[in-house]
Amino acid sequence: MTLNSIPLATPELQIGDGARRNATMICAPVMAETAEQMLGQMRKAKELGADLVEIRIDYLKSFSPQQHLEVLIKQSPLPTIITYRPTWEGGQYDGDESRRQATLHQAMELGADYIDIELKVADKFFSSIQGKKPEKVKVIVSSHNYENTPSAEEIGNIAARIQATGADIVKIATTALDITDSARILQLIAHSQVPTIGLAMGERGLISRILCAKFGGFLTFGALESGIHSAPGQPTLRDLLDLYNFRQIGPDTKVHGVIGKPIGHSKSPHLYNPAFKKAAFNGIYLPLLVDNVANFLNTYSSPDFTGYSYTIPHKMAGLECCDEVDPIAKAIGAISCMIKKPSDGKLIGYNVDYLGAIAAIEEGLGGSSSASNGSVSPLAGRLFVVIGAGGAGKALAYGGKEKGARVVVANRTYEKAKDLARKIGGESMPLTELDDFHPEDGMILANATSVGMKPNTDATPISKKALSRYSLVFDAIYTPKWTTLLREAKETGAKVVFGTEMFLNQAFVQFEKFTGLPAPKDLIRETLARNT
Ligand code: NAP
């Protein structure tokens, strides 16, 4: 099953506010021990921009239905879903079942907008109310799977069973063990003829919680605070609205993201989403926790899934999935960016790390790339020492060679330095010899190792004394911005170029590849400064 050519549901946009491009509501789960605390949370939900609240009365201590339900329903500043989740469906209530269902009846009578009843007991519930449901109340019939996400066929069967109970709204929550599980949930939403809440729980299910807006989901859940959620993987309300621009997601929104594992720490969504918004580009950028790149790409094969950044450990696997690869990425053996060509769906891989690093060094030397303006690169003819032979080291060594520099690679594992130097037509040396290497003055140094990165910020790959031979020193590390290497280089009088510049430059290039628009550079710079 793939997410290709799904007939997109056209949500009925009953919202007058022109700022919204979808009808998917954001629901804040309200969970507290007292009704007063719950009312406080409901007010906060409204302030933060939720459309409705799910009142989890199974969380209340010493709950008195008559007294508390009335207060909670009548005083809620937002429409309410009343949920009284039993332990056998992942909730907190472990009392008598008929009392639980009687409480839900009462909630309907008291004017709740929605009540949630579990599929396992829905028939019994509907027969007990005997058609005496207040017209205003809508019944959500829900199914939760905390183990996995079943096959598309099985999910379809569950949805059919839910509809057969007489449900107004179908809710299916599963557990994503792989990011491709979310595709089956999104498919359910897209194909459903009735209002449907579909979500895959867990970090690998985040995509379902956000892209449900694209595929016509009835609602998604947004936590009031980070870490306080009613189900694993739930984003916060603030992230939905401010980071992912949830209201702006439409059926035609283009999907992008950063593919890696782990990915929770990535700053990239914080850079690209505001940049897309600023450029009025109809796109979203997600953190994509991917286990198998080929499976991910095959599953999300729809033309709307258009561009990805690649990070550790998938840069090589990404390259293997490309239909075409730019020559530098091929030589380096890793991609950092992938674009799906709109004309034929072919996947094109690039290594923009190298463009970012080299552009930053060229700018530091007071000139720009020969490729863009026909002039000779300021790197041409210079002695360029690259420390490191991993992904960043390869990018810098190939990039330097491309620009006509005389490249020398120094690496802890000497074999790797030799191998890289042979491939690019440069020289190599063991890292232990770097301090005594001074064939000429005015050399350029690039650190592409993790030596000096947080938390080992006192470490540096070269002695301060040896730095006096260099006129410019670049450090790929950007946490911290001022590494010991850069501090000491500045003290010896060298020009310094920060790792953030490499990161920024590659972000500008990626933005332009994703959107075809000029990058809002100032905004990207400001956002990075705020987030590092
Ligand atoms: P990588 O592929 O894992 O390579 C790591 C390199 O660091 C290897 O050359 C390794 O040497 C060397 N190294 C690690 N620990 C060392 C130590 N204790 N002493 C000496 N050498 C050591 O990693 P990468 O992707 O190239 O990343 C390298 C650095 O660049 C990281 O700090 C990363 O954050 C940074 N980076 C920055 C940007 C940016 O946009 N600014 C982009 C990419 C990477 P061996 O071969 O001997 O193991």
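The values are calculated or read from the model by the stated rules, or taken from the named source; none is laboratory data. Please read these numbers as outputs of a predicted model, since none were measured by experiment. Neighbour counts are summed over all protein chains in view; Cβ atoms, including those assigned to glycine, are modelled from backbone coordinates with ideal geometry. Ligands, DNA and RNA are excluded from the accessible area calculation, which covers all protein heavy atoms including side chains. Shrake-Rupley method; radii C 1.70, N 1.55, O 1.52, S 1.80 Å.
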Worksheet entry | Subset of region 469-481 (residues that are within 8 Å of the ligand (Cβ to nearest atom) and touching a strand residue (DSSP E or B) at 6+ places or on another chain (Cβ under 9 Å)) | A476, I477
Practice prompt. Please state which one of A405, A466, A421, A459 is near the ligand (Cβ under 10 Å from one of its atoms) and of a type in the set (A, V, I, L, M).
Written response: A459
Practice prompt. Check D326, D304 and return the single one that is at pLDDT 95 or above, open to solvent by 20 Å² or more (accessible area, probe 1.4 Å) and charged (D, E, K, R).
Written response: D304
Discussion item. Being out of contact with any Asp or Glu (no Cβ under 6 Å at 6 or more places or on another chain), modelled with pLDDT of 95 or more and surrounded by 16 or more Cβ atoms within 10 Å (Cβ to Cβ) is the filter here; which residues of region 450-466 pass it?
Written reply: V451, G452, T460, P461, I462
Item to complete: Tell me which residues, restricted to region 227-280, are more than 23 Å from A23 (Cα to Cα), open to solvent by less than 20 Å² (accessible area, probe 1.4 Å) and not small (G, A, S).
Response: V258, I259, I263, P269, L271, Y272
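Identify all residues within region 493-532 that are open to solvent by less than 50 Å² (accessible area, probe 1.4 Å) and not in a helix (DSSP H, G or I); write none if there are none.
Once the filter is applied, which keeps residues that are open to solvent by less than 50 Å² (accessible area, probe 1.4 Å) and not in a helix (DSSP H, G or I), region 493-532 yields A494, V496, V497, F498, A519, P520.
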Worksheet item: within 10 Å of the ligand (Cβ to nearest atom) and open to solvent by 10 Å² or more (accessible area, probe 1.4 Å) - does that describe any residue in region 371-386?
Response: no
Worksheet item: Regarding G257, is this residue part of a strand (DSSP E or B), out of contact with any Lys or Arg (no Cβ under 7 Å at 6 or more places or on another chain), under 17 Å from I210 (Cα atoms) and not acidic (D, E)?
Response: yes
Practice prompt. Sort out which residues of region 435-445 are within 16 Å of the ligand (Cβ to nearest atom) and either more than 36 Å from the chain's Cα centre (by Cα) or within 16 Å of K481 (Cβ to Cβ) (or both), and write them in order of number.
Written response: D435, F437
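Is it the case that region 473-487 has a residue that's touching a residue at least 40 places away in the same chain (Cβ under 8 Å), in a helix (DSSP H, G or I), open to solvent by less than 50 Å² (accessible area, probe 1.4 Å) and aromatic (F, W, Y)?
no
Return the residues of region 330-346 that are in contact with a helix residue (DSSP H, G or I) (Cβ under 7 Å, 6 or more places away or on another chain) and more than 10 Å from the ligand (Cβ to nearest atom); say none if nothing qualifies.
A331, I332, G333, I335, C337, M338, I339
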